[in-house]
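Report on the structure given below.
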Amino acid sequence: MTNGVTPPDGYSARAATLDDAEVVARLRSAYQADEGDTSVTTAEEQLNDWQGVNLAEDSLLVFAPDGSLAAHGDVFNRRYIQVSVYGGVHPEQTRHGLGTYVTRGGEAWIRNRMERGPADAQITTQHYVITHDAAACALMDTLGYSYAHTIYVMRIEMDEPPPAPERIDGLRLRTFVPGQDERATFEAVEEEFRDLRGRPEGDFDRWLGFTENERQDPELWYLAEDKTSGEIVGTCLARNVPGSGTGWVGGVGVKRPWRRRGVALAMLRTVFGACYRRGIANVELSVDADSPSGAPGVYMRAGMHVTQSISLYRRQLRPGRDYNTLPDTTDADSDA
C-alpha cells in the first residue's frame, strides 16, 4: 500500500495476510479502547472486514522495533476516484509519525493508479476520525485535509422484542434470495444512495465480493418490494458482527418515490426483530449527521441513539470533474 513511502526510522512495513487477523484485531481493540469505545474486535470480524480486499495491494502493517504491531491501514477504493483509508495506531506508539506514514501511504496508493479512473475525474482521499480525538483531527489539518462532514454511529439496545413493523399499502417486506436478487439489490442500493454526499457510483463485481458472507445469511437482509411491479424500492442490509453479540446495518435506503411512507422505519423494525430472535440484542449503524433525507430522525424514531461522532476529512489529490457532488435533493424527505 505504501508504494515507495518510507516508514519512520526503526519501523518496518509489509502487506497483511489472512494469518494476521488476530494481531490486527488486538491492535484495533487497543486503539478503540483508547478512543472510549469498549467494543472488542475479534479475528473473525477482521477476516470479515477483509472480505473482497486484495491484501497484497490494499493493506499495510507497520511493526515497531521490538516486532510488535504498531499500526495498520486498509484502502477502500471507489472506481479510482475516491479512496478511503481505514486504520489506526497503537496508543503506545503515537507521536512517532505512524499516522502520517499510513496517511501518505494511502495517497501514494491512488497516485500510482490515477490512470485507471476517468481521465477528467477529480481524485480524493479521505479518512474517518473520532471527532473528540483532537490530535488526529489536527494531523488531518496539518497534512492538508479539510473537514467534510460528521457521521454518527447510532445504536439500539433491546431488552424486549421491538415493535412490529406497520404494514404499508402496496408493499411487501421479504428476505433477500441468494442467486436471484443480487443485481436488483445492487441497483436499488445505488439509486437509494445517490443522495449520499461524496459517494461515487459502485461496482457490481466489487459489491459481490464485499458482501459475500452477508449474502449467505439472508435472514438479516430485507428488501421492500412493490407488490404490483415486483420492483425493489427499499433495502435494509444487516449482518451479525462475529463474536460481538452485535448486529450492524450496512445501509438503509428507500427510493425517492416511496419516501414519506414509513418504509425505512418498517424495514428497521423488521431487521431489529430478526436480530432479537437470534439473540442479537444490540444493533448499530452509521449515518451522515446532516443526511438530506433526514435519516437520523428516522433512526431515533426506531429507538436508536447516537453513541459516537466521527469527522470525515478529505483531500483533493487531482482537480477535475467532481463525480462525488451531491445531486439535487429538494424533493428528498424525512424517510431515508
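The values are calculated or read from the model by the stated rules, or taken from the named source; none is laboratory data. All of these numbers come straight from a predicted model, not from anything done at the bench. Ideal geometry is used to build each Cβ from the backbone, glycine not excepted, and the neighbour counts take in all protein chains shown. Surface accessibility is based on the protein's heavy atoms, side chains included, excluding ligands, DNA and RNA. Shrake-Rupley method; radii C 1.70, N 1.55, O 1.52, S 1.80 Å.
So which of D159, D205, D169 ends up being part of a helix (DSSP H, G or I) and either open to solvent by 50 Å² or more (accessible area, probe 1.4 Å) or free of Cβ contacts under 8 Å to residues at least 24 places away in the same chain (or both)?
The conditions single out D205.
Out of segment 77-94, which residues are open to solvent by 50 Å² or more (accessible area, probe 1.4 Å) and of a type in the set (V, I, T)?
Answer for segment 77-94, where residues must be open to solvent by 50 Å² or more (accessible area, probe 1.4 Å) and of a type in the set (V, I, T): just T94.
Condition check ((1) acidic (D, E); (2) over 30 Å from T94 (Cβ atoms); (3) modelled with pLDDT under 95) across all residues:
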{"position": "V129", "(1), (2), (3)": "no, no, no"}
{"position": "L139", "(1), (2), (3)": "no, no, no"}
{"position": "M154", "(1), (2), (3)": "no, no, no"}
{"position": "M158", "(1), (2), (3)": "no, yes, no"}
{"position": "R172", "(1), (2), (3)": "no, yes, no"}
{"position": "P178", "(1), (2), (3)": "no, yes, yes"}
{"position": "E201", "(1), (2), (3)": "yes, yes, yes"}
{"position": "F204", "(1), (2), (3)": "no, yes, yes"}
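Run S29 past the list (1) within 23 Å of D133 (Cβ to Cβ); (2) in contact (Cβ under 8 Å) with a residue 24 or more places away in the chain and report the number of the one that doesn't hold.
(2)
Among S229, S244, which is free of Cβ contacts under 8 Å to residues at least 12 places away in the same chain and either hydroxyl-bearing (S, T, Y) or in contact with a strand residue (DSSP E or B) (Cβ under 7 Å, 6 or more places away or on another chain) (or both)?
None of the other options fit; the residue is S229.
What's the number of the only condition in (1) of a type in the set (G, A, S); (2) in contact with a Leu (Cβ under 6 Å, 6 or more places away or on another chain); (3) under 27 Å from V40 (Cα atoms); (4) at pLDDT 90 or above that G251 fails to meet?
The number of the failed condition is (4).
In segment 188-202, how many are in a helix (DSSP H, G or I) and in contact (Cβ under 8 Å) with a residue 24 or more places away in the chain?
Looking only at that region, the number is 7.
Sort out which residues of segment 19-42 are at pLDDT below 95, open to solvent by 20 Å² or more (accessible area, probe 1.4 Å) and more than 20 Å from H96 (Cβ to Cβ), and write them in order of number.
G36, D37, T38, S39, V40, T42
Return the residues of segment 247-269 that are part of a helix (DSSP H, G or I), touching a strand residue (DSSP E or B) at 6+ places or on another chain (Cβ under 8 Å) and either open to solvent by 20 Å² or more (accessible area, probe 1.4 Å) or of a type in the set (F, W, Y) (or both); say none if nothing qualifies.
P257, W258, listed by residue number.
If I filter segment 131-140 down to residues being outside any loop (DSSP other than H, G, I, E, B) and either touching a residue at least 60 places away in the same chain (Cβ under 8 Å) or among the hydroxyl-bearing types (S, T, Y) (or both), which single residue comes out as surrounded by the fewest Cβ atoms within 10 Å (Cβ to Cβ)?
Step by step, filter segment 131-140, then rank; the result is C137.
Which of the residues that make up segment 95-111 are farther than 20 Å from Y323 by Cβ, open to solvent by 40 Å² or more (accessible area, probe 1.4 Å) and not hydroxyl-bearing (S, T, Y)?
Listed by number, the residues that qualify are R95, H96, R104.
In segment 141-156, which residue that is over 30 Å from I280 (Cβ atoms) and in a strand (DSSP E or B) is most open to solvent (accessible area, probe 1.4 Å)?
Residue satisfying both the conditions and the ranking: Y147.
I'd like to verify a number: residues in segment 213-253 that are closer than 22 Å to D288 by Cβ and over 18 Å from the mean Cα position of the chain (by Cα), how many?
Going through segment 213-253 one residue at a time, the tally reaches 4.
If we scan segment 211-234, do we find a residue that is surrounded by fewer than 18 Cβ atoms within 10 Å (Cβ to Cβ), in a loop (DSSP other than H, G, I, E, B) and touching a Leu at 6+ places or on another chain (Cβ under 6 Å)?
no
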